Every structure is written in structure tokens, then in C-alpha cells.
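**Q** Take a look at this one; I'll ask things after.
The values are calculated or read from the model by the stated rules, or taken from the named source; none is laboratory data. Given the structure is predicted, the values throughout are model-derived calculations rather than measurements. In this analysis, Cβ positions are derived from the backbone assuming ideal geometry, glycine residues included, and neighbour counts consider all displayed protein chains. Accessible surface areas use protein heavy atoms only, side chains included; no ligands, DNA or RNA. Shrake-Rupley method; radii C 1.70, N 1.55, O 1.52, S 1.80 Å.
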Amino acid sequence: MSKMDALRAMREAKYAANEKRSAASTPRSAATKAPVAPAAPVARKPAAPSPAATAADASACGHRNMSGRTCTREAGHAAKTHRYS
């Protein structure tokens, strides 16, 4: 018997032992179990932004870069580049 055949035989023996053990430990099969209802999703209200943040956001460009920083230039700025903070 080659090394691979021996490993395959050990794996199959281990699988058979696990199947035998799991069949003995669970008295009911999966088909007889009562179905479980999914949990109802919880509706959440979005947090209201502060008045100071909304005033600053209204005049800012708001462009976001890949790291999540936001442009602080005025909305509709003529500059080709954004200024992040």
C-alpha cells in the first residue's frame, strides 16, 4: 500500500467514525426538526446631523477620496484639485 493509499484509508475510517458518532448523538434527524423562523429585522432611524455640520456641508464640495477624507473647498470650486482634511 502506498503512502497516499494509507492516508486515504485513515481519512475514510475517521469519516466513518465521525458519521457513526454523530448519528448516535442526535436522536432526531434534520427532517423531523421544527423549522426555525428567521429573526425580524430591526428598523433603525438614521441619526440626525447636527445643525453646525449641515451648514458646513452645504458650502463644502464634499468629494471623498479613497481613504474616506472629504474635500473642504467650497461647493463647485474652480480648482482642479481637492483639498482633503
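**Q** May I ask you to say which residue of Thr32, Thr54 is surrounded by 10 or more Cβ atoms within 10 Å (Cβ to Cβ), out of contact with any Lys or Arg (no Cβ under 8 Å at 6 or more places or on another chain) and modelled with pLDDT under 85?
**A** Testing whether each residue is surrounded by 10 or more Cβ atoms within 10 Å (Cβ to Cβ), out of contact with any Lys or Arg (no Cβ under 8 Å at 6 or more places or on another chain) and modelled with pLDDT under 85 leaves just Thr54.
**Q** Taking Ala6 as the residue in question, decide whether it is modelled with pLDDT of 70 or more and either open to solvent by less than 70 Å² (accessible area, probe 1.4 Å) or not in a loop (DSSP other than H, G, I, E, B) (or both). First the steps, then the outcome.
**A** Working: modelled with pLDDT of 70 or more: yes; either open to solvent by less than 70 Å² (accessible area, probe 1.4 Å) or not in a loop (DSSP other than H, G, I, E, B) (or both): yes.
For Ala6, the condition - modelled with pLDDT of 70 or more and either open to solvent by less than 70 Å² (accessible area, probe 1.4 Å) or not in a loop (DSSP other than H, G, I, E, B) (or both) - is met.
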